[in-house]
Structure formats: structure tokens, C-alpha cells
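S.K.: Pasting a structure here, questions to come.
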């Protein structure tokens, strides 16, 4: 680990695999900071109660971080064993902790992300894979992209849309106005795992991440128009300075 969690009174509880003791605390931080995604709360409850399937494509983690027994952050992330990479799905730190510098380390949020990447390396080792490619993430706002850049986040030159949560909308033919039917334009990028850096302009890397998100996670068909559109934008993005 990048810092001594015990020395500063920090504990991390993975609210998964039947471990529901801290589920309410995890969900409170989630709904307080990400209320627009509250519809996923039932999914998180089921995920916490369900025992891990070691053969599943995605190995989920729902981390609640506590400082001196006070909930201070939550991170939802997963390891995709097929593509050998991680995906950051949810991350929220209570306001009082956002500027905290950890003795011997960096900002609190950055250190938590580093710990998540260490966990991904352990997940990869369990299934016999080398260190993961990266910790990929969809990002909604420009200020957050800039903040994440302080922790090693790189943005990819790609036109990326998050599919709607409603399967019926995800299956419709390509509309004239993508965002009008529930697709959201987001930034796509990744945190580089120390010792396993990559070139952000490498279209092969972006290709893997797009398939991990759109095909594996959102379960779009391989020939879905959004997948094809996004992959095409990588090739265009390759020419960017």
C-alpha cells in the first residue's frame, strides 16, 4: 500500500459477497453525492448480498472507507478478467476529506484510487493474469477530468456515449439526436497503473476499454451502432495532435 492505513485510523470494508454490515453507510455517501444515479441502489443491495461467482466476467468491489469509524468515502469498481483491466464506476469522498494530505503520501482521494489499483493487481493475479492494463473511467464533467489528471488520469481522443439504463432504448436504431433518447456524452479515460503505463494515443488500448464497457459491461451486441460509431471515432481521434 502507498500509505499505512492503520496508522491514520483508516479502514476499508468491501461491501460485497454477503458482507452487508456497512451497506447503509456505503449507500448514504453514494446517494448524497451521486443522487442522479439513485436508481442503481437496488442493484447495489443485490450485489452486496450475492456471493461472488468466481467464474463471472466482472469481479466487483464496493469499498466503504472509514476514518476513525466515520464513513468518509465510497468507491465502486470492477475487474474485467477477459480484458484484464479495471473500471471505476462510482467514486465519492465527503467534502471534509477532499483536500486532506496523507502523511508520506498524496491527496486522500488519489491514495484511495491507488489502493483500488493495487486491488486490481491482486484480482488479476488470482486468475493468472499479468498486472491489469489500467483503471478505466467514464467522467461526466470537465472539472472532474482535470482533478483526476492530478492522480494520473489520461483522457482518450474518442467520441464516447454512455448507453441509457433502459434496455429498450439501448436497442433502438441510431437516432438523429443521440442525447435526446437517453445516451449521454461523457469523457472516457483511464488511470495508469504504476509500472504499467501506456500511450493514451494508442488506438488498441482504447479499443480494449471500449469493448470492456460497451460490450461486456453494458452488454451491447458486437454489431450495435453505438459500438461501431465509438470505434470509428478512435480512428479519427488517432490523427489528433
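The values are calculated or read from the model by the stated rules, or taken from the named source; none is laboratory data. All of these numbers come straight from a predicted model, not from anything done at the bench. Note that we place each Cβ from the backbone using ideal geometry, even for glycine, and neighbour counts take in every protein chain shown.
S.K.: Listed residues 190, 124; which is within 17 Å of residue 58 (Cβ to Cβ), touching a residue at least 12 places away in the same chain (Cβ under 8 Å) and outside the structural domain of residue 60 (by TED's automatic domain parsing)?
M.R.: 190
Okay, residues lined up against (1) under 28 Å from residue 126 (Cβ atoms); (2) at pLDDT below 95; (3) surrounded by 13 or more Cβ atoms within 10 Å (Cβ to Cβ):
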position	(1), (2), (3)
10	yes, yes, yes
15	yes, no, yes
36	no, yes, no
40	yes, yes, yes
43	yes, yes, no
52	yes, yes, no
55	yes, yes, no
67	no, yes, yes
77	yes, no, yes
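S.K.: Suppose we keep only residues that are in contact with a helix residue (DSSP H, G or I) (Cβ under 8 Å, 6 or more places away or on another chain) and in a helix (DSSP H, G or I) within region 95-108. Which one would you say is modelled with the highest pLDDT?
M.R.: 108
S.K.: Consider residue 55 carefully, then state whether it is assigned to a loop (DSSP other than H, G, I, E, B), farther than 21 Å from residue 85 by Cβ and without any contact (Cβ under 8 Å) to a residue 60 or more places away in the chain. Outline the logic, then answer.
M.R.: Numbers: assigned to a loop (DSSP other than H, G, I, E, B): yes; farther than 21 Å from residue 85 by Cβ: no; without any contact (Cβ under 8 Å) to a residue 60 or more places away in the chain: yes.
So residue 55 fails the test.
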